[in-house]
Amino acid sequence: MGKNIDVELRNIKKTFQSNVVVQNFNLQVEQGEFISFLGPSGCGKTTTLNMIAGFLEPDEGDLFIKGQRMNGVPPYKRELGMVFQTYSLFPHMTVAENVAYGLKLRKVGKAEAQERVKRVLDLVKLPNVSDRYPKQLSGGQRQRIAIARALVIEPSLLLLDEPLSNLDAKLREELRDELKRLHQEIGVTTIFVTHDQEEALSLSDRIVVLNHGFVEQIGKPLEIYNRPASEFVHTFIGKTNRLSGEVVEQDGSRLLIKTDTGLLIRAGRQERSFVQREKVKVFIRPEKIKIAPAVTGQGGENQASGEIVMTSFLGAFSECEIHAGKLSLSAKVQMADSSINLEPGRAVSCSWDEADVLVLPTERDGR
């Protein structure tokens, strides 16, 4: 049996004057999926969301919702809920009136509307604020009400445009957890726009990584993080150590690389082929680097000796900057696992597994 596709974008392109903002965007969103559009400012993620919502029209390509072509169909005929970065609540209306606004436009009866408003306020865990006005609520409460207003019409598709970015760090984390709970509870197909990698990784079934209007990669969070398709994806999502070098030998899908600083790095299975003496870039995540007390004369593949020059304590872990000759490495150490002194000036040995090394060609356009 085929999968139910709620949203499909085929070869979508959008241009503002001579500036191409979205190009060759293809995506299928399955029923009940939580998809995030992730990328830096100006990458085209909000523009794409606005085309799905009907606020903008694509210049090229076709857009389908529930199998129906939506090009030229106005937003109010798309049966979707949208939550904006700014809460967009009516200040002169109570919470209940704000939430019921979409039901009023759809001419839902008063009794049913009251019941649905009550149900959705319970869902966002704000059952006792229906008589208050937006100015009497905190930022986090206002954003929950905006989500409730989007959900009360029982949309087949929920669109979220950076709904957490105006909140402080603690509130953002709390509301992120609420969004995850809500999605698990009601299962509405959701497309979420964010520039925050942590939000995308924690919330999404799949992530679409965008860069300058192009799709760099579409994949599950673990795949995006551990097997990025391009240098952009690897450096945008999470911190990384980036080294340059050339291929010394290839044994099957395993590589031996000599970096510009003379380090020998053995890389495990790679998903592309390389040739001897090819210039490459090597990436190792800081959390994959293991630190141990320095051992005299230690050398070999996937090892480097150096000195800690800076340590940042970040709660559950510490981040160390290590200078090993001309090489600078960042290592992330779980405090529960740390049995060595991480003070600056400490001589240490660094090592990593070949399975944790990603190799990419030096010249790649990421398209």
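Considered as a group, the residues in the range 81-107 that are among the aromatic types (Phe, Trp, Tyr) and part of a loop (DSSP other than H, G, I, E, B) include one that is nearest to THR194 (Cα to Cα), and that residue is PHE84.
Listed here are the residues, each with its yes/no results for (1) under 14 Å from ILE207 (Cα atoms); (2) among the polar types (S, T, N, Q).
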position: ILE5; (1), (2): no, no
position: VAL22; (1), (2): no, no
position: ASN26; (1), (2): yes, yes
position: GLU33; (1), (2): yes, no
position: PHE37; (1), (2): yes, no
position: SER41; (1), (2): no, yes
position: LYS45; (1), (2): yes, no
position: ASN50; (1), (2): no, yes
position: GLY54; (1), (2): no, no
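Among the criteria (1) touching a Phe, Trp or Tyr at 6+ places or on another chain (Cβ under 7 Å); (2) buried (at least 19 other Cβ atoms within 10 Å of the Cβ), the one ILE265 does not fulfil is (1). Return yes or no: is LEU222 under 30 Å from THR194 (Cα atoms), touching a Phe, Trp or Tyr at 6+ places or on another chain (Cβ under 8 Å) and among the aliphatic types (A, V, I, L, M)? So LEU222 fails the test. Consider the range 52-82 and keep the residues that are in contact with a Pro (Cβ under 7 Å, 6 or more places away or on another chain) and farther than 23 Å from GLN23 by Cβ. The one that is surrounded by the fewest Cβ atoms within 10 Å (Cβ to Cβ) is GLU79.
Consider the range 1-27 and keep the residues that are in contact with a Gly (Cβ under 9 Å, 6 or more places away or on another chain) and at positive phi. The one that is surrounded by the most Cβ atoms within 10 Å (Cβ to Cβ) is ASN24. Consider the range 91-112 and keep the residues that are at pLDDT 90 or above and hydrophobic (A, V, I, L, M, F, W, C). The one that is nearest to ARG149 (Cα to Cα) is VAL99. On the stretch given as the range 214-259, residues that are basic (Lys, Arg), assigned to a loop (DSSP other than H, G, I, E, B), more than 25 Å from GLY325 (Cβ to Cβ) and in contact (Cβ under 8 Å) with a residue 60 or more places away in the chain total 1.
Being of a type outside the set (A, V, I, L, M) and free of Cβ contacts under 8 Å to residues at least 40 places away in the same chain: is that true of LYS104 here?
Working: of a type outside the set (A, V, I, L, M): yes; free of Cβ contacts under 8 Å to residues at least 40 places away in the same chain: yes.
Answer is yes for this residue.
The values are calculated or read from the model by the stated rules, or taken from the named source; none is laboratory data. Owing to the predicted nature of the structure, the values given are computational and were not obtained by experimental measurement. Virtual Cβ from ideal backbone geometry, glycine too; neighbours counted across all protein chains shown.
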